[in-house]
Amino acid sequence: MQTLSTPQTAPTAPEFDTTIHRRKTRPVKVGNITIGGGYPVVVQSMINEDTLDVEGSVAAIRRLHEIGCEIVRVTVPSMAHAKALAEIKQKLIQTYQEVPLVADVHHNGMKIALEVAKHVDKVRINPGLYVFEKPKADRNEYTQAEFEEIGEKIRETLEPLVISLRDQGKALRIGVNHGSLAERMLFTYGDTPEGMVESALEFIRICESLDFRNIVISLKASRAPVMVAAYRLMVKRMDELGMDYPLHLGVTEAGDGEYGRIKSTAGLAPLLADGIGDTIRVSLTEAPEKEIPVCYSILQALGLRKTMVEYVACPSCGRTLFNLEEVLHKVREATKHLTGLDIAVMGCIVNGPGEMADADYGYVGKQAGFISLYRGREEIKKVPEDQGVEELINLIKADGRWVDP
């Protein structure tokens, strides 16, 4: 459940403040979840089932939602898929509960988008694909007249969707992808963050002219430095233009395994640390359920959401008085279901109390064969090593902070 926090702007923060001061953005409702407006950073993912498979899609959405995915996206490549979403939405309500849903619409998608807007909470469009621009092999520039002509075609195609979403109180994500910029943007700005930003701004201006501002912006790229630059430029341009739209962050096509996770973190963390970003997705070439723990781990590491135990552990050295890796594993297995605690596992007394000063509880090898248990900075008791984990649990229970798995 979301909890409202008061957003602050980075310039007012002290020079060496360790708190992340999030960029102030307008709140955008997506079902029962709010993106921006000082609410916690929202976690998203996308199912990979064919949307025509209603039963399979409902099951996939439920699996994601049950493990903490707050908004789920589904692909809608045809009118049949759009109509299937009505069944999916209804079946979710009948068999589970309402889940905020986003429809992904590509390729000349006005009719599809208009249909699906009736059934979901947000529609995502890609400016580079929403209106087809037939490439010319011999083109070396776009005239202003050509640019404006296509701009007017975009407006004609986008306007009915914007009006529908506006009148229903629903949201739109303008989702720019570095790999699918429109041809005229490529000719005008090159394959650059600037082209990504201008592509988004063109669509934003049309929305604003129709008095519609329930907008979320994304500027994804498969290379983290391009993605980071695009979002920073977008913030700069929005600040200049007096815009405060929330941002959806993601490194698209990050891959799989350890590198996919590192690549996503490399793109998300610098922006989140600067207070930029209101909702995130980690795009892995794996089961969608694998994305959610990575999202929460990134947010937890930055102090933006507290959804699990934070473990502080030293890397081990010659002073360590027990098998640190084994003990950390035991402590984690016993306490990983808890929420909101910081637990330190330190191998010796030299750095232990100092390095774990901010932890709620400490497990320190202070004397061979014995463990010293701490509450904050205070040493509570010394126990035999083989009783350490059990006594740590007893200490947490005594403080009323334990819940059974």
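Step by step: first the residues of region 87-119, then only those that are of a type in the set (Gly, Ala, Ser) and modelled with pLDDT of 95 or more, then the one that is surrounded by the most Cβ atoms within 10 Å (Cβ to Cβ). Which residue is that?
Among residues in region 87-119 that are of a type in the set (Gly, Ala, Ser) and modelled with pLDDT of 95 or more, the one surrounded by the most Cβ atoms within 10 Å (Cβ to Cβ) is Ala103.
Hey, could you check region 170-202 for residues that are surrounded by fewer than 20 Cβ atoms within 10 Å (Cβ to Cβ) and small (Gly, Ala, Ser) and say which is farthest from the chain's Cα centre (by Cα)?
Gly190
Would you mind stating whether Phe212 is buried (at least 19 other Cβ atoms within 10 Å of the Cβ), at pLDDT 95 or above and more than 25 Å from Ser283 (Cβ to Cβ)? So that I can check it myself, show each step before the final result.
Values: buried (at least 19 other Cβ atoms within 10 Å of the Cβ): yes; at pLDDT 95 or above: yes; more than 25 Å from Ser283 (Cβ to Cβ): yes.
So Phe212 passes the test.
Being in a strand (DSSP E or B) and buried (at least 17 other Cβ atoms within 10 Å of the Cβ) is the filter here, so list the residues in region 360-369 that pass it.
Within region 360-369, Tyr361, Gly362, Tyr363, Val364, Gly365, Lys366 meet the criteria.
Output the number of residues of region 170-215 satisfying the condition of being over 18 Å from Lys153 (Cβ atoms), small (Gly, Ala, Ser) and touching a Pro at 6+ places or on another chain (Cβ under 9 Å).
So the count comes out to 1.
Please pick out the residue among Thr279, Thr307 that is at pLDDT below 95 and under 17 Å from Pro40 (Cα atoms).
Thr307
Go through region 167-212 residue by residue and tally those that are among the basic types (Lys, Arg) and not in a helix (DSSP H, G or I).
2
Between residues in region 211-230 that are in the same structural domain as Thr25 (by TED's automatic domain parsing) and residues that are among the aromatic types (Phe, Trp, Tyr), which pairs lie under 8 Å by C-beta distance while being six or more apart or on different chains?
Once the first residue is in the same structural domain as Thr25 (by TED's automatic domain parsing) and sits in region 211-230, its partners that are among the aromatic types (Phe, Trp, Tyr) give Arg213/Tyr245; Ile215/Tyr245; Val216/Tyr245; Ile217/Tyr245; Leu219/Tyr231.
Which of the residues spanning region 270-295 are of a type in the set (Val, Ile, Thr) and surrounded by fewer than 18 Cβ atoms within 10 Å (Cβ to Cβ)? Give the derivation first.
So in region 270-295, the residues of a type in the set (Val, Ile, Thr) come out as 276, 279-280, 282, 285, 292, 294.
Within region 270-295, just Thr285 meets the criteria.
Mind checking which residues of region 345-364 are closer than 15 Å to Asn323 by Cα and modelled with pLDDT of 80 or more?
Scanning region 345-364 gives Val345, Met346, Tyr363, Val364.
Find all pairs meeting these conditions: Cβ atoms under 7 angstrom apart; at least six residues apart or on different chains; first residue within region 186-205 and without any contact (Cβ under 8 Å) to a residue 40 or more places away in the chain; second residue not in a helix (DSSP H, G or I).
Once the first residue is without any contact (Cβ under 8 Å) to a residue 40 or more places away in the chain and sits in region 186-205, its partners that are not in a helix (DSSP H, G or I) give Asp191/Leu181; Gly195/Leu181; Met196/Val176; Met196/Leu181; Met196/Leu219.
Test each condition in (1) at pLDDT 95 or above; (2) within 28 Å of Ile61 (Cβ to Cβ); (3) in a loop (DSSP other than H, G, I, E, B) for Glu289 and report the one that comes out false.
(3) is the only condition that Glu289 fails.
Tell me yes or no: at least one residue of region 375-382 is surrounded by 19 or more Cβ atoms within 10 Å (Cβ to Cβ) and either at pLDDT 90 or above or not charged (D, E, K, R) (or both).
So in region 375-382, the residues surrounded by 19 or more Cβ atoms within 10 Å (Cβ to Cβ) come out as none.
Looking through region 375-382, none of the residues is surrounded by 19 or more Cβ atoms within 10 Å (Cβ to Cβ) and either at pLDDT 90 or above or not charged (D, E, K, R) (or both).
Quickly run through region 253-269 and pick out the residues that are crowded, with 19+ Cβ neighbours inside 10 Å and not in a helix (DSSP H, G or I).
Initially, region 253-269 is screened for residues crowded, with 19+ Cβ neighbours inside 10 Å, giving 254, 260-261, 263-265, 267-268.
Selection gives Ala254 alone.
The values are calculated or read from the model by the stated rules, or taken from the named source; none is laboratory data. Model, not experiment: these values are computed from the prediction. Glycine gets a Cβ as well: all are built from the backbone with ideal geometry, and neighbour counts include every protein chain shown.
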